[in-house]
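Read-outs: derived from the displayed coordinates by stated rules, not from any lab. Owing to the predicted nature of the structure, the values given are computational and were not obtained by experimental measurement. Cβ atoms come from the backbone with ideal geometry, glycine included; neighbour counts cover every protein chain shown.
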Amino acid sequence: MAVELAIKDQKQEKKLFVARAIVLFVLTLLLMGVLVARLIKLQVYDHATYKNRSDENRLQVQTLAPPRGMIFDRQGTILADNQNSPLLAVVPDRIEDMDASLALVLELLELPPNAREGFQRRLEARNRPGTPVVLLDSLTAEQVAVLAVNRHRLKGIEVINRLVRHYPLKSVAAHAVGSVRRPTVADLRELPTVQYSATEFIGKRGVEAFYEPELHGEVGYQKVEKDAHGRIREALEVKEPEAGKNIKLHLDARLQAASVAALAGRRGAIVALEPATGGVLSLVSEPSYDPNLFVSGMNTAEFRALSESIYTPLFNRAISGQYAPGSTFKPLVGLSGIALGNTTWEEEIEDRGEFRLPGQERVYRDWSWTRDDTGGQGIVDLRRAIYRSSNVYFYDLASRMEIEAFIEFVSQFGLGSNFALDLPQAAQGLLPNPDWKRENKDLPWYPGDSVNLGIGQGDLLATPMQMATVAAIIANRGRIVEPQMLMQVGNYPPAERSEPRYIEGLTGADWDLVVSAMEDVVHRGGQGYRNNGTAWAYIGQNLEYRMAGKSGTAQVVEIYQGEEYDEEQLSELNRKHAWFIAFAPVEDPKIAVAVLVENGGGGSSVAAPVAREVIDAYLNPQFLEQASR
Amino acid sequence: MNQDFQRQVPELAAAAVPRWYDRIHIDPILVGLLILVVLFGLTVLRSAVDGDDALFMAQANRFGLAFLVMVIMAQVPPNLYMRWAPMLYLICLILLALTFFFGAEVKGSRRWLDVPHLLRFQPSELIKIVVPMSVAWYLHQRILPPSAKHVLISLLIILVPAIVIGQQPDLGTGILVVAAGLSVLMFAGLHWRWVFYAMLLAVLTTPIVWQYVLTGYQKQRILTLFDPEGDPLGAGWNIIQSTTAIGSGGLFGKGLFQGSQSYLDFLPEARTDFIVAVMGEELGFFGIFALLALYLLIIARCLFLAADASSTFGRLLAGALTMTFFVYLFVNIAMVSGLLPVVGVPLPLVSYGGTSAITLMAGFGIIMSMRSHKAW
């Protein structure tokens, strides 16, 4: 190297560089010339062609939206399909006097003057260039006729037939199936450009959103020749779009309707699962809304009524509503005590209606406590504690359990997490533990927290979906299920899931005993008030099958006087929530249910009859016969 | 410098008194041109992001950072670059290997090296500078024009990282790295005869490359070039849309913020790789022509600075970085206007996105350093 450096001729090398730089610069100039030539070709010679493409036709290749896959229930009842709907659209570029045209439309269709604002809003919204802007979503036959007669006066205004989503069950299955909406600008940025270039509606909630990729289908296209007015003269080549896949849900439309009827207009939620598969048989959240409104469009007042109602019809209580589970949580506390060795099925305590932690003043009372201190359930073992719903038994048991181990055990049932396979928006509830309390409240875990947890109160929160899962797991004697809406895509069931998992730490005998105790909640009757199951008087008589259940009455986070609520609403909203979880038939469970009635009052008196109605409907032989068809 | 000689040539006497910009090693002409291009680009981007001020500001800030990087790179003396070239090359190879095995996968290719919470970058960006630097370092110590042996070793230096990058796969960057390395060889005086043979070889092996090297996807992109309407929803979509946008712009364009083709859905990647289409539609032929003219002036100025550098290393590196800049813009505009297949190369100093802007400005900083630091 040193030798070479020694004889390097610096001047010569610089000269060489300059020579090369000149050559390369000339090359650069030539290549720039190629670019300029290309631009001249595109922008000068072929300008007319491209301008035409861009202005008149926008696309010589026009994309065709695929028909969206249909959604069926387990018997093949249609939950969502597509219907031909004539709509009124305008191509702004082809209209000379927009004001006059709109006025004419208003006049011909005899629309109220305020409809004009709606038109204006749609025209000002971001629209795809060159594509028609939809003014009215669904035209009646008369309106179509009027427009057809006056067609010559309506240049640039078109009646277009296209398929739009239709939900025949209307509000009944709105929260179960979800709905489609027009995509927002943000959605359009996320969606695959080409695939969605002709699509007008995308799944925005529920099953419609989760299975969007399956339901959407493959876009098609046609190469068209258009006349000067932009009307299609001839389709030169057509590739038909490929329809989205049809999907089938575990949902049972009739059970869904029966569940809505059982709630009888009260606010609340019902989730019914098939214990064997975790399939969601019904999913109800009331009040509900008509998803067709999101397709056909609604005015501002209608939308405001939906979105601003204090009863929140758009809120899916079944999967997103989080409530203290109250006494429905007690079977899990009991099972935890057995699994962790803190109690046995034989152990008895005396319940005098109140409980104190050692060395503390605060009194925790039983639900049956009365002012003259006659409350309490007497001598109770775990079985009696469940069918009588003894608070004192579970206060005592919870206070003796190691909190981390207790929480760990309970979490196996899906509390504090979302077990549902295809409901990603489902809330996780809240399973508090000392770490959580330190992080979120900056307080240590007090023994009193465990005591409250023993009866499903305190910070504990669960959704109806989670409590239905708990019921299904108990029905399965410990085999864990993951709720799923989907039964089939096209003609295929979804991929098999991993190995079955089981709740750890319990024997078959333990499961039989807890199921039997929950059976007593419903069936143990005629033994005098103090010895009957809590729900027997309300649902246990003349039952043709064996049902196991557990009631719960959950305290409500107090709502204080505020501008939004009047006095009557306030007292209503501060009433307790009624819960009931159940499954039946006990020996071979076909259905597991969780019922929540918001501000309903007592679990046994209010929620249990709802649960029975739902299960009756499902186990009714006639109903099952239809189902098997 | 010799006093008598200075007295005879008054311009040199004046040059001997360093101006303020010489002291911070900045070339005002080049910087002025760069600022013009950046302002031009931001104006077009403003239209392409369509009211999304956050995106626009992010890009403006990025250019602020890029200019800072440029100034810093200009302060580093050339001998430091040369001393560090081999070490940087080794580091880059290691980083590339790490990316290959542990890189974060984004849209099907592994380009990013992710150190959680700390940084996330593409080692392949660094390579665009380090490869020409290493080849220049190697050839600086040889007699030029280089002998066959030295040419082969230079090719090895270029191809090892380029092939790894091609495997990521990141064809765009791979091409730029090869272009950067080869232009060092060109500036070093590679015999024209060999250049001719290489081109002949390339032509003759085309069928073999087509048959055995290119993947179906890459072939599709090339075929699309000749018949974009053959697959109008797939590979042809971008070309149909971008040529329509450019063509519809005509001589003078539809005016800023007036482009309809570049709205939301029609033009994919409108603010990144395909921003020329927005420019062509809204500002027309003269708009793009003005940009090309600015680019040409930048290239001319850079080549002048390169020729004026005081060492072979400096000349070779500065020249190569200039040519990389040209390849960047040529590939991008040719691709968007339907002359070359679609490869992911942004339009330099205009496309939205930070990494390439910073690499490019670092390159301009190095070019200015090579010329400005005289004594070493």
Jot down the radius of gyration and Dmax of segment B:178-250, Cα atoms only, both in angstrom.
-> 17.6, 46
For segment B:87-213, what does the alpha-carbon gyration tensor say about shape, rounded, prolate or oblate, given a ≥ b ≥ c as the root eigenvalues, a/c under 1.5 as rounded, and a/b over b/c as prolate?
-> oblate
Options B:GLY216, B:MET82, B:TYR21, ranked by Cα towards positive dipole end of chain B, top entry (Cβ charges) | B:MET82
Report the extension gain between B:PHE101 and B:GLN211 in nm, rounded to one decimal, defined as 0.36 nm multiplied by the number of residues separating them, less their alpha carbon distance.
-> 36.8 nm
Residue-averaged 222 nm ellipticity for chain A, from DSSP H runs of 4+ at -39500 (n - 2.57), nearest 500 | -10000 deg cm²/dmol
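Return the inverse of the average 1/r over all pairs of distinct C-alpha atoms in segment A:253-628, which is the Kirkwood hydrodynamic radius, in Å to one decimal.
The Cα-based Kirkwood calculation yields 21.3 Å.
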0 to 90° range, to nearest 10: angle between helix A:10-40 axis and chain A longest Cα axis | 90
How many lysine pairs in segment A:253-628, separated by 8 or more positions in sequence or lying on different chains, have Cα atoms less than 27 Å apart?
-> 9
The protein assembly as shown: D in µm²/s via Stokes-Einstein (Kirkwood Rh, Cα pairs, 25 °C, 0.890 mPa s)?
-> 71
Among A:ILE581, A:VAL91, A:LEU30 the positive-end extreme of the charge dipole of the protein assembly as shown (Cβ point charges) = A:LEU30
Please state the charge dipole magnitude for segment A:291-398, taken about the Cα centre, from unit charges on C-beta atoms (+1 on K and R, -1 on D and E), reported in debye and rounded to the nearest 20.
-> 400
Which ³J(HN,Hα) values in Hz, rounded to whole numbers, follow from the phi angles of segment A:255-270 under the Karplus curve 6.51 cos²θ - 1.76 cosθ + 1.60, where θ = phi - 60° and Gly and Pro get x?
-> 5, 4, 5, 5, 5, 4, 5, 5, 6, 6, x, 7, 6, x, 8, 9
Loop-resident trypsin sites (Lys or Arg not before Pro) in segment A:474-537 with no more than 16 other Cβ atoms inside 10 Å, DSSP not H/G/I/E/B, are A:ARG497, A:ARG501
CD proxy at 222 nm, helix term only [per DSSP H run n ≥ 4: -39500 (n - 2.57); per residue of chain B; nearest 500] = -23500 deg cm²/dmol
Per the Kirkwood formula on distinct C-alpha pairs, the Rh of segment A:482-553 is how many angstrom?
-> 15.5
Would you give the gap between the C-alpha center of segment A:256-316 and the C-alpha center of segment A:505-519, rounded to a whole Å?
-> 35
Cα-centred dipole magnitude for segment A:253-628, charges only on beta-carbon of K, R (+1) and D, E (-1), debye, nearest 20 | 440
Just rank A:ARG181, A:ARG151, fewest to most, by other beta-carbon atoms within 10 angstrom.
-> A:ARG151, A:ARG181
Going through the DSSP H helices of chain B, which span 27 Å or more along their own axis at the Cα atoms while scoring at least 1.6 as a mean Kyte-Doolittle hydropathy?
-> B:28-49, B:148-167, B:275-307, B:312-336
Compute the long axis of helix A:464-475 from its Cα atoms, compare it with the longest principal axis of the Cα atoms of chain A, and write down the angle in degrees, 0 to 90, nearest 10.
-> 50
Dipole of the protein assembly as shown [Lys/Arg +1, Asp/Glu -1 at C-beta], most positive-end residue of A:VAL172, B:ALA136, B:GLN258 | B:ALA136
Would you mind checking which residues have amide H under 5 Å from A:VAL133's amide H? H placed 1.01 Å from N; only 5 or more apart, or other chain.
-> A:VAL90, A:VAL91
Which value, in debye to the nearest 20, gives the size of the charge dipole of segment B:87-213 about its Cα centre, when Lys and Arg are +1 and Asp and Glu are -1 at the Cβ?
-> 220
Give the residues of segment A:601-618 whose amide nitrogen is closer than 18 Å to a point set 7 Å from the Cα of A:ALA261 in the direction of its Cβ.
-> A:609-618
How far is helix A:391-400 tilted, in degrees, relative to the longest principal axis of the Cα atoms in chain A, given as a value from 0 to 90 rounded to the nearest 10?
-> 80
